[in-house]
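*Asks:* So that we are looking at the same thing, I have put the structure below in structure tokens.
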Amino acid sequence: MQEKGTGESYRGKKMAARRVALVLFILLLQGHLSEESVVKPNLDLDKDTCILLDAARSVNELYLGNEDKNILLMEFPLSKLTSYLSSFDFRTFDSEGVIFYGDMGGDKNWFVLALRDKHLEVQMINENGQMLLSKFGPSISDGKWRKVSVDRNANTIEVRVDEEVVVSLMHYIKTAFSGHPDWKLRIFVGDLPLNSTAQLLRPLNPSLDACMRDWSWVQKEANILTSVMESGDHRRCFQQEEPGAYFPGHGFAEFEVPSFQPNKGDGENSTAWSLTVKFLFRPAVFSGILFAIQGENHTIALSLAMDKLQQVFTVSLLDRVFSSEQLPLDHCQSTWLQARLTIQNNQLQLKTPMSQSEYALTDEHVHSLENIWHQPATTIYIGGTPGSATEDSYFVGCLKMSLQGKLVDFDEAKNKHGHIRSHSCPKAIHAEESSNL
């Protein structure tokens, strides 16, 4: 009786969602709602969707993620510039990356505005020397919109956040730019120039999952940014976002094992090898591979997946398959779910929202997996694998995870599908707030 009641509740919610969608459609036809204000269906989620994502994308918010390596470059002739003031609204959950890079007359005169540890950072080199100012101003990686501006005059550079000066740099320009009529101010948004010989004073990961709107670059038109934003949905931001990595259902992230190896001297050899993977996830479709380890022979040694047909979690370890963990009865209520996979002391332990199960492993299985883990060519896949044969093999939804005690930063992936977002997820309708791992 309890299972029947749960099924009726699930069907009722799906019917209610359809009624809401029909009402919104009628209102749109009658002109009571604008197209931008309607929660649009996510085209990635047309297969047995049970959690509706608020997939509406803004028409005027540029997504800065640059996985397709389509560099956003603007060029302005110096002879036509009357101002060096640039400003924009900025929003991010990311903690590190390049907001913009600018140079004049080559790579000996450049300026970078970036994020590090959730705060702004400035790096600058010109003929007078070099300067690095790190972690100034407020923490801005909280998903709130802020107005950021950078202005340069003859002797100073000022950076403002919400109209408040957070840094003022004294600088002097010896070169007479007027003597170089062909020179241009180049501005790269959301990344560093490809194949540049400029060396940052302090290296950082340039990838930045962030949104930008209402920009004004040196008080000139920036049509290239508008054109790129209109080129596809992947270049536009979700209107409602929350922290977490978003997987659209067609692609995966790839990591190398050394990213999650303990440092030398951390006592790795003092205890037996073990593996711990923790997940906090909100699936939009209950199918797909969450995590997999592939050995150098291109076979999957270990994987954790959701089986949509059987409604179970499935763990595959070499030649063994464990699939006794049922999906939670409330899996269509927009909740974040937790799972933990542990291999230790010849036991495989799978803890899910429903229960905790343990399976005995042989020495051979444990030692084989350990050997694969330490092979140089071993690869970790998240969200799917290269051999995923169907769409159901890919994870769809939002994910936070840790591996061997280290939080996974998807900006650090060796390879990643261009539509995976490392730090921002579209909110689910009537979603609960996520917690930390």
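The values are calculated or read from the model by the stated rules, or taken from the named source; none is laboratory data. All values reported here derive from a predicted model rather than from experimental measurement. Cβ: placed from backbone, ideal geometry, glycine included. Neighbour counts: every protein chain shown. With ligands, DNA and RNA removed, areas are computed over all heavy atoms of the protein, side chains included. Shrake-Rupley method; radii C 1.70, N 1.55, O 1.52, S 1.80 Å.
*Asks:* Among VAL148, VAL166, what's the order by accessible area (1.4 angstrom probe), most exposed first?
*Replies:* Output order, biggest surface exposure first: VAL166, VAL148.
*Asks:* Based on the Cβ-Cβ distance from PHE322 to ASN70, what FRET efficiency comes out when R0 is 35 Å, to the nearest 0.05?
*Replies:* 0.25
*Asks:* Mind checking the full-extension length gain between LYS220 and ALA377? Use 0.36 nm per residue of separation minus the Cα-Cα distance, one decimal, nm.
*Replies:* Full extension from LYS220 to ALA377 adds 51.6 nm.
*Asks:* Spin-label point model (7 Å from Cα, Cβ direction): what's the ALA198 to VAL59 distance in nm?
*Replies:* About 3.5 nm separates the two model spin labels.
*Asks:* If you don't mind, another one. Between LEU437 and ARG116, what FRET efficiency comes out of the Förster formula 1/(1 + (r/R0)^6) with R0 = 25 Å and r the beta carbon distance, rounded to 0.05?
*Replies:* 0.65
*Asks:* Hey, rough spin-label estimate for SER149 and ASP307, points 7 angstrom out along Cα→Cβ, what's it come to in nanometres?
*Replies:* Going by the 7 Å Cα→Cβ label model, 6.1 nm.
*Asks:* Next up: If r is the Cβ-Cβ distance from HIS367 to HIS298 and R0 is 22 Å, what FRET efficiency results, to the nearest 0.05?
*Replies:* The computed FRET efficiency comes out at 0.60.
*Asks:* Taking amide H positions as placed 1.01 Å from N in the peptide plane, with prolines and chain starts having none, which residues 5 or more places from VAL312, or on another chain, fall under 5 Å of its amide H?
*Replies:* ASP307, LEU327
*Asks:* Another question about this same structure. Rounded, prolate or oblate: pick one for region 85-189, where a ≥ b ≥ c are the square roots of the eigenvalues of its C-alpha gyration tensor, a/c under 1.5 means rounded, and failing that, prolate if a/b is larger than b/c, else oblate.
*Replies:* prolate
*Asks:* Under 8 Å for C-alpha pairs, at least 6 residues apart: give me the relative contact order for region 347-416, rounded to a whole percent.
*Replies:* Relative contact order for region 347-416 comes out at 13 percent.
*Asks:* Now for a separate question. How many percent of the accessible area of region 132-173 is carbon or sulfur, using a 1.4 Å probe?
*Replies:* C and S fraction of accessible area: 48 percent.
*Asks:* Taking amide H positions as placed 1.01 Å from N in the peptide plane, with prolines and chain starts having none, which residues 5 or more places from LEU120, or on another chain, fall under 5 Å of its amide H?
*Replies:* When sequence neighbours closer than 5 places are left aside, the close amide H contacts are PHE136.
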